Amino acid sequence: MDNTTRYIDIPQGIIDFYKMCRPSPLIRAYCLEKELGTPAKIYYKFEGNNTSGSHKLNSAIPQVYFAKEQGITGLTTETGAGQWGTALSMACAYYHMPLTVYMVRTSYEQKPYRKNIIETFGAKIIPSPSDTTNAGRAILEKFPGTGGSLGCAISEAVETAVTTPNTRYVLGSVLNHVLLHQSVVGIEAKAAMEMYDEYPDIVIGCAGGGSNLGGLIAPFMKDKIDGKRDTQFIAVEPASCPSLTRGKYAYDFGDTGRMTPLVKMYTLGCEFLPSANHAGGLRYHGMSAIISKLHADGYLDARAVEQTRVFDSAVKFARCEGLLPAPESAHAIHVAVEEALKCKETGEEKTILFGLTGTGYFDMSAYDSYLKGTMTDYIPTDEDLEKSFSQLPKVQ
Ligand SMILES: Cc1ncc(COP(=O)(O)O)c(C=O)c1O
């Protein structure tokens, strides 16, 4: 990748796989519109139609394809919610590539069947922090009993890769090439909307490391940067892990063990350990450099939402659209609903597009706690954040 090549063709070997599940559907949420009584038109791009259940497969397939081409004989990775680990294990099964997955312990315990599906696809799965790496042991010593975080799991996966011959670590979000892979989502969405003579006034995506959002907004953002359109873009993150809305725009490590290169991004500090929010895929201390820059330059808005409000919208959506969303995706649903209700007040007929990144069939313990009324919200205090900001690397 470089800074000047605008389009990179998808190799035939990847297209052959994509034919099994792409293009993904662009769906108009007629029933949700009716339920809300809004004049807005609501569309969503649904990425949960493939067996792995989310958009993560869009990047898993090219990453394993290119690793195979390069002669790599083993891969390691981390997974939060389990969607990335599942997608990568599916891709590794397809290309016959051994894989070790470090899964954030909180999610591992919340979603026991993730282990079974990842093992069915032939990969090895280890809850993180673990005692299998120096990074894991150090984190366990410093934070005994911790449920882990994406930052910890990345450290363990990187360490295992660098200490195992001909093995590489692959990441399912944050990095520029992952956003590039996810741009297939936005390109398809734009093409499908053009067929109906539609163009979104608002594009909304949930943001963990920023990959689905970056991919969905890519072609629409180009029009905005070129001055052709004035679309509003909204990133939605959990109030428990608010990197864009309350983080610092600074150089930081991508992992808790401080092994990765420094990235300029919105960050809560690489030592920030988010509370056990049910949207495990959004519990990351940092954010994609591209998404961060767009936010810093005023092209992209950001909102943080508490998980109980997110699940209000997830359940409303499931009941009228007949689709059980992943908790991560439900963050985008929530803000789409808020925007559609604003249109109801003002009478504006805006066109809203949001990314429905995956299904929530492995997230039933989260739905269970919401439906029982035991779900709670945790919002870090300013003191919590200041404590982890004070650990940011000092960069001249
Ligand atoms: C279903 C789903 N949506 C969204 C995300 C957030 O990741 P990203 O911000 O990279 O799209 C995840 C991450 O695990 C996920 O599993």
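Could you list, in sequence order, the residues of the range 47-71 that are more than 9 Å from the ligand (Cβ to nearest atom), in a loop (DSSP other than H, G, I, E, B) and open to solvent by 10 Å² or more (accessible area, probe 1.4 Å)?
49, 50, 51, 70, 71
Looking at residue 83, is it farther than 16 Å from residue 333 by Cβ, within 16 Å of the ligand (Cβ to nearest atom) and either within 23 Å of the chain's Cα centre (by Cα) or of a type outside the set (Ser, Thr, Tyr) (or both)?
Here the answer is yes, as residue 83 does meet what is asked.
How do the helices (runs of 4 or more DSSP H) wholly within the range 138-250 filter down when requiring 1 or more residues that are open to solvent by less than 20 Å² (accessible area, probe 1.4 Å), more than 20 Å from residue 282 (Cβ to Cβ) and hydrophobic (A, V, I, L, M, F, W, C): which remain?
150-162, 176-195, 211-225
Using beta carbons and a limit of 6 Å, which pairs, at least six apart or on different chains, have the first residue in the range 196-212 and near the ligand (Cβ under 7 Å from one of its atoms) and the second one assigned to a loop (DSSP other than H, G, I, E, B) and among the aliphatic types (A, V, I, L, M)?
209/174; 210/287
Filter the range 86-113 down to residues that are assigned to a helix (DSSP H, G or I) and under 15 Å from the mean Cα position of the chain (by Cα) and give me whichever is farthest from the ligand (Cβ to nearest atom).
Among those residues, the one meeting the criterion is 88.
Please pick out the residue among 44, 18 that is in contact (Cβ under 8 Å) with a residue 60 or more places away in the chain, more than 17 Å from residue 173 (Cβ to Cβ) and within 16 Å of the ligand (Cβ to nearest atom).
Just one listed residue meets the conditions, 44.
Output the residues belonging to the range 251-265 that are open to solvent by 30 Å² or more (accessible area, probe 1.4 Å) and either within 19 Å of residue 331 (Cβ to Cβ) or not in a loop (DSSP other than H, G, I, E, B) (or both).
Matches in the range 251-265: 251, 253, 262, 263, 264.
Here is a yes/no grid of residues against (1) within 19 Å of residue 270 (Cβ to Cβ); (2) more than 14 Å from the ligand (Cβ to nearest atom); (3) in contact (Cβ under 8 Å) with a residue 60 or more places away in the chain:
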site	(1), (2), (3)
123	no, yes, no
131	no, yes, no
143	yes, yes, yes
146	yes, yes, yes
150	yes, no, yes
172	yes, no, yes
181	no, no, yes
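The values are calculated or read from the model by the stated rules, or taken from the named source; none is laboratory data. The structure displayed is predicted, hence computed values, not measured ones. So basically every Cβ, Gly included, is an ideal-geometry build from the backbone, and we count neighbours across all protein chains shown. Heavy atoms of the whole protein, side chains included, go into the accessibility calculation; ligands, DNA and RNA do not. Shrake-Rupley method; radii C 1.70, N 1.55, O 1.52, S 1.80 Å.
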